[in-house]
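Visitor: Have a look at this one.
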C-alpha cells in the first residue's frame, strides 16, 4: 500500500479573531441579576464580555477564518482541510466547517467539526499538525467559534457572568519546506499532551437541548489549579522548551484566578500571560486563538517566539502544546 508523502513538521502561518460588537458590562448584568462589579471581578476576573445578537457560530467562524487566511498570504484554493472546534452549533447538521469553507471560497476541502469544549482549539490544532505531517493536508484552517450566550440562563448569576461569544482562527502549514529559511524549516507546533477526566463530566454540562449550562465552579477550580500545571510542564518537556524560555503562556480564558494560579506554578516569570478574559469573557474553544490574535495585533509577541497553549474544560478534556508565534 502506498502512503502519502508527509512533512517533518507543521507550523502556524497566521492568526485571526472576531468579537461581536455588543459589549455587556458587569453593571449591565447587575441590573438584571443579583450581582455587582466587585463580586464578579473578585471571583472570575471579568469586567465585560461580548455577546452576539445577530451573528451565528458560522458567521463568527467565517469572520475569524477570513482574517487568518488573509494574514497567511494564502489563497482559499491553498487550503485543503477545515476544522471547526465548537460545542455550540445552532444545529448538529450540517457541520459548521463545510459551510464556513464554502463561504470563504475554499472549494471541496476536507471539513469536520470537533467538540472538546474549551480544549477544542488545542485538540483541533494537534489534529491539523498531524494531518500536515502525515501528508493528508498541505494547509489547514483551524477555527474555534462559540455562541455560548444561547446556552446560558441569564437569570443564573453563577454562569451568566462568565460565558461569552467570539471566534479565533489559525492557518497551519508545513515546516521543513526545504527552501533554506531556518524559521520555516523548524517545526512550529510541538507535541500535544492531552487527556480527559470523564469522572468529572457532571461538573460542567448541558443536560439536554432544552437546558442551559450547569457548572460547579468550585469543583472545576480545585481540579484546574491542582491537575493542570503538570500537563503544561510536560508539553514544554516534549517540545524541548524550558519554561524559562517561553515568551507567552496562553491558557483557556476560563477564570482569571485559575489562569494566575497555573501561571505561578509554571516557573516562567518572563512569559506574558494572556488575560483576555477581563474584556472578552469565557469564549470556550475560541478563547486561545482569540487571545493570541489580539496579543499579536498589539505587538506583544515577537515572531518566532515560543508560546505555551493550554485548553481545558467540559468533558473534562484538556490539551497543551508549545507553538512558535508566526
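The numbers here are math on the coordinates, done by the rules we state, and not lab data. All values derive from a computational prediction rather than experimental measurement. Using ideal geometry, Cβ is built from the backbone for each residue, glycine included, and neighbour counts are taken over all protein chains shown.
Visitor: Give the angle, between 0 and 90 degrees and rounded to the nearest 10, that separates the Cα long axis of helix 229-239 from the longest principal axis of the Cα atoms of the chain.
Guide: Rounded to the nearest ten degrees, it is 10.
Visitor: Sticking with this one: If you rank 210, 53, 202, 37 by fewest surrounding Cβ atoms within 10 Å, what's the result?
Guide: 210, 53, 202, 37
Visitor: For region 184-240 and region 49-94, write down the distance between their C-alpha centroids in whole Å.
Guide: What the calculation gives is 23 Å, centre to centre.
Visitor: Another question, then. Which one is right for this structure if Cα extents along the principal axes in Å is calculated from it: [x] 133, 48, 32; [y] 60, 43, 39; [z] 81, 49, 43?
Guide: From the options [x] 133, 48, 32; [y] 60, 43, 39; [z] 81, 49, 43, the structure gives [y].
Visitor: Taking the simple approach of a point 7 Å from Cα along Cα-to-Cβ for both residue 41 and residue 136, what is their distance in nm?
Guide: Those two pseudo-labels are separated by 4.7 nm.
Visitor: Here is a further query. Starting with the fewest neighbours, write out 139, 229, 252 ranked by other beta-carbon atoms found within 10 Å of each beta-carbon.
Guide: Result, fewest neighbours first: 229, 139, 252.
Visitor: Output the 0 to 90 degree angle, nearest 10, between the alpha-carbon long axis of helix 256-266 and the longest principal axis computed from the alpha carbons of the chain.
Guide: In the chain, helix 256-266 runs at an angle near 50 degrees to the longest axis.
Visitor: Then there is this: If r is the Cβ-Cβ distance from residue 206 to residue 32 and R0 is 30 Å, what FRET efficiency results, to the nearest 0.05?
Guide: Approximately 0.90, to the nearest 0.05.
Visitor: Give me the extension gain from residue 278 to residue 25: residue separation times 0.36 nm, minus the current Cα-Cα distance, reported in nm with one decimal.
Guide: Between residue 278 and residue 25, full extension yields an extra 90.0 nm.
Visitor: With both bridge residues required to lie in the chain, what share of the DSSP beta bridges run antiparallel, to the nearest 5%?
Guide: 70 percent
Visitor: What is the angle, in °, between the Cα long axis of helix 217-227 and the longest principal axis of the Cα atoms in the chain? Nearest 10 is fine, range 0 to 90.
Guide: 40 degrees
Visitor: Using DSSP, restrict attention to beta bridges with both residues in region 9-182 and report what percent are antiparallel, rounded to the nearest 5.
Guide: Of those bridges, close to 70 percent are antiparallel.
Visitor: Continuing with the same structure: In which sequence would 125, 104 go, from the one with the fewest C-beta neighbours within 10 Å to the one with the most?
Guide: Final ranking by Cβ density, sparse to dense: 104, 125.
Visitor: How long are the semi-axes of the equivalent ellipsoid of region 188-324, taking √(5λ) for every eigenvalue λ of the Cα gyration tensor, in whole Å from largest down?
Guide: 26, 17, 13
Visitor: How long is the gain from residue 214 to residue 242 if the chain were fully straight, where each residue apart is worth 0.36 nm and the alpha carbon distance is subtracted?
Guide: 6.3 nm
Visitor: Mind listing P(r) for region 56-102? All alpha-carbon pairs, 5 Å bins, whole percents.
Guide: P(r) for region 56-102, in whole percents per bin: 4, 21, 33, 22, 12, 6, 1.
Visitor: Quick check: pseudo-label points 7 Å beyond the Cα along Cα→Cβ at residue 107 and residue 264, how many nm apart are they?
Guide: 5.6 nm
Visitor: Next question. Per DSSP H run of at least 4 residues, take -39500 (n - 2.57); add these up for the chain, divide by its residues and hand me the 222 nm value, nearest 500 deg cm²/dmol.
Guide: -9500 deg cm²/dmol
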